[in-house]
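Notes to accompany the following structure.
The values are calculated or read from the model by the stated rules, or taken from the named source; none is laboratory data. It should be emphasised that the depicted structure is a prediction, and the values quoted were computed from it without experimental measurement. Here Cβ is always computed from backbone atoms with ideal geometry, including for glycine, and neighbour counts include all displayed protein chains.
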Amino acid sequence: MEDTSSVIDTTTTELPILEEPVTEPTVTEEPVVTEPTVTEEPVVTEPTGPVYITTFDELVATHGAIVQRENTDKTSLLSVFQPSPEILKTRLIIWASLGFPPNWQVLSTYITPPQICCDGEIRDASTYSLYLLDTPIDSFLTNLNSQVPGVIFSFFMSNVHTIGLSVVKA
């Protein structure tokens, strides 16, 4: 009798179960070799023409910008020391609604002087403000005090660049 234990029966529809699982063949990739990159030093070229500190056109533009800034700052300062009657009255009504606190800030503005003024002078915020107003602040205060009897206006500077108008009851 013949040993048939190792013979596969092909008459059945079932496939035999293999002892070891079938694995996909693995593909090994070749290592990628990159050429080292060579960095080039930046090429520094010397100026081909004359080197200018500034030009006349740049001076005119810079001076014009400084003049414009000074005019804007002057307008801002005048809005504090020569306020419109409507704005001043509105601010004083607010002061009254708060119970007339002493040294109440009526109006203020923030001023930062340019590095150099249009007249060539270097000024801090205080002297810059006086330069722009071109009138002693006391003149503005005297005028305001005469227009609003019963109160005393004064000016203040704080945080180096804030200048303003304050008020107390007389």
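With respect to (1) at pLDDT below 95; (2) assigned to a strand (DSSP E or B), the lone exception for residue 106 is condition (1).
Just one residue in the set 129, 76, 97, 146 is at pLDDT 95 or above, hydroxyl-bearing (Ser, Thr, Tyr) and surrounded by 13 or more Cβ atoms within 10 Å (Cβ to Cβ); that residue is 76. Scanning for something of a type in the set (Phe, Trp, Tyr), part of a strand (DSSP E or B) and under 24 Å from the mean Cα position of the chain (by Cα), does the stretch 127-143 turn up at least one residue? No, because not a single residue in the stretch 127-143 is of a type in the set (Phe, Trp, Tyr), part of a strand (DSSP E or B) and under 24 Å from the mean Cα position of the chain (by Cα). On inspection, residue 114 qualifies as within 24 Å of residue 62 (Cα to Cα) and touching a helix residue (DSSP H, G or I) at 6+ places or on another chain (Cβ under 8 Å). Just one of (1) out of contact with any strand residue (DSSP E or B) (no Cβ under 8 Å at 6 or more places or on another chain); (2) crowded, with 17+ Cβ neighbours inside 10 Å fails for residue 81. It is (1). Just one of the numbered conditions (1) in contact with a helix residue (DSSP H, G or I) (Cβ under 7 Å, 6 or more places away or on another chain); (2) free of Cβ contacts under 8 Å to residues at least 40 places away in the same chain; (3) among the basic types (Lys, Arg); (4) part of a helix (DSSP H, G or I) is not true of residue 123: (4). For the stretch 100-122, a residue qualifies if it is within 24 Å of the chain's Cα centre (by Cα) and either crowded, with 17+ Cβ neighbours inside 10 Å or of a type in the set (Gly, Ala, Ser) (or both), and the qualifying residues are 108, 109, 111, 113, 117. Within the stretch 100-115, residues that are more than 23 Å from residue 169 (Cα to Cα) reach partners that are polar (S, T, N, Q) with beta carbons closer than 6 Å, at six or more positions or on different chains, in the pairs 110/162; 111/129. Tallying residues that are hydroxyl-bearing (Ser, Thr, Tyr), within 18 Å of residue 120 (Cα to Cα) and exposed (fewer than 10 other Cβ atoms within 10 Å of the Cβ) within the stretch 42-71 yields 2.
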